[in-house]
1. Could you tell me the accessible area of residue 113 in Å² (1.4 Å probe, neighbours in place), rounded to the nearest ten?
2. Thinking of the chain as a set of Cα atoms, what percent of all their pairs are more than 45 Å apart?
3. Once the piece of chain linking residue 129 and residue 170 is laid out straight, how much longer is it, given 0.36 nm per residue of separation minus the C-alpha distance between them?
4. Using all alpha carbons of the range 293-430, what is the percent of pairwise distances in each 10 Å bin, ordered from the shortest bin to the longest?
5. Multiply the residue gap between residue 387 and residue 88 by 0.36 nm, knock off their C-alpha separation, and tell me the result in nm, one decimal place.
6. What ranking of 63, 268 comes out by heavy-atom accessible area, probe 1.4 Å, highest first?
7. Determine which aspartates and glutamates satisfy two conditions relative to residue 98: a Cα distance under 14 Å, and not lying fewer than 8 residues away in the same chain.
8. How big is the gap, in Å, between the Cα center of the range 304-350 and the Cα center of the range 365-380?
Amino acid sequence: MKAELLLTNAKIRTMDTSRPLAQSLAVLNGRIVAIGDNHELANLAGPDTIVLDLKEKTVLPAFIDAHEHLSWFSESSLTLNCSPQKVNSIKKLLSLVKWETDIARPGEWIRGVLYDDTKMSENRFLNRRDLDIAAPNNPVIVIHVSGHWAVVNSAALKLGELNRHSVNPRGGALGRDTSTGSLDGVLLEMAMFDFAFESLATKPTIVPPFPRMIRKKAAIEAAKELNRSGISGVSDALCPPSYITTYHDLMIAKELPLRVNIIIPYIFLNHLENLGLIGGWGNEWVRSAGIKIIVDGAIAGHTSALKDGHEDDPDDHGILLIEDQLELDQVVQRIHNMNYQACIHANGDLAIEMSLNAIEQAQQKRPGLTPRHRIEHCTMITDNILKRMHQLNVMALPFASYLWQHGEKLKPFYGQRAHRMFAHNSFLNAGVRVAASSDHPVGLQSPLLGLQCMVTRQASTGEIIRPQEKISIDEAFKMYTAYAAYATGEETIKGTLSLGKLADMVVLNRDPWSIPPEEISQIGVVNTIVDGKIVYAHEE
Ligand SMILES: [Zn+2]
């Protein structure tokens, strides 16, 4: 037997306790076929073998981001970036829209994202009249940075058959001019989701998905960007149907540079039920993991559902997107019965408890089924929540680097409760399974930054927040590798460098175990290897 890829002279940290360290590793047909010392594996090099002499560099299982929005990230290159870093006035935003409109085909949609009204120098909201001047004929949508509202122009409203006589949809609103009652172009919550968000719409959206070929190209570029950070796999945490197709297209064409677990919005659950397609379909490249339910809002957006109100506004308990426990119970039961993982977005303690109630019921009714249900983010915990999660065997998917990003900014919202957030060590101590995730592009993407943050608990401002939640480097790396594989039920094929497992590896220019933990995020990724192929090589 000759290997297709042979790593030699490396410091290989396998994360497999049966053989934690090695110098050399051989790959054949995308799988690890030998691990050992340099001399033990030397005879596996043949004339066609790619030999990487790594000169003592560190090799680890490649990173798996258990909650990332790859489809959303893919489209960021196809839309106008209206973030405050690029656009600080309505005037500038409109000039971008006009520039794009001038080169667009008749009727082509102009799409902007990341608009932040609080950062506009004019100190007022963007409205449809502004957009009409910049784009009199092409439909335009500009989505707010929160992802919860948008502004559209008159051409877009016309396509959506929305006018002054239209009524607000359930769970949403159409912005209106208070003096005349005419629409001002603002679409709030469900009004925007139905208009533009395939994953959350209750009917076909007015803004169409990007064409299939364009999605394919954009997804490759986005996936390559993740490869640069050492990532070999993600869970796409809210995968719209158009991207299930895209990932499948890329898999068939053998062009997918990482592995994708798709988490399907629950509004499509009835299709899966009708097809009788139970959870776990697909293969090691594209595989169905779970079904996504969103129970509450965002932790940094003051909209998480809380048992006790917000510190700065005790009457404000946040937002429940599913208010009725019975409704949540029924959805989770259906997911459980189909043997999908329920991937429940819940940030606040109220939302987490409701999710646990629903999971408990589902497990009691069908104890024979054991899909690994997950609480996505699982931010605000209590001792009782930890105890129940352990008893019910529910996984936690906390943000890896939100603490770096937000630091003590969350304290005015939540008071002392802020100190129980992103509680990696509490989960471990309570025996709760936990995997790392970025929530990128909402959160920062870099796994090495996430690792540093989990180990140091240091915010970008330098302050250390609740140091008792620090975890060891070993545990932190497991959360981005072995535990992340467990989070999709794939721990037998990936997550450690073991014989027979997928050859997904990252080569680092420094050993994280031998440097000060505050420097982990500065480590360079030298190579990312997926399925035994080098998908990223750092250019010296
Ligand atoms: Zn998310």
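The values are calculated or read from the model by the stated rules, or taken from the named source; none is laboratory data. Keep in mind the model is a prediction, meaning the values are calculated, not measured. Positions of Cβ are generated from backbone atoms using ideal geometry, with glycine treated the same way; all protein chains shown enter the neighbour counts. Heavy atoms of the whole protein, side chains included, go into the accessibility calculation; ligands, DNA and RNA do not. Shrake-Rupley method; radii C 1.70, N 1.55, O 1.52, S 1.80 Å.
1. Accessible surface of residue 113 is approximately 30 Å².
2. Values: 22601 of 145530 pairs.
I get 16 percent for the Cα pairs in the chain exceeding 45 Å.
3. On the way: separation 41, 0.36 × 41 = 14.76 nm, distance 2.59 nm.
Length gained between residue 129 and residue 170: 12.2 nm.
4. Final binned percentages: 13, 45, 32, 9, 1.
5. Details: separation 299, 0.36 × 299 = 107.64 nm, distance 4.67 nm.
Full extension of this stretch gives 103.0 nm more.
6. Values: 63 0, 268 45 Å².
Greatest to least solvent exposure: 268, 63.
7. 108, 130, 132
8. 13 Å
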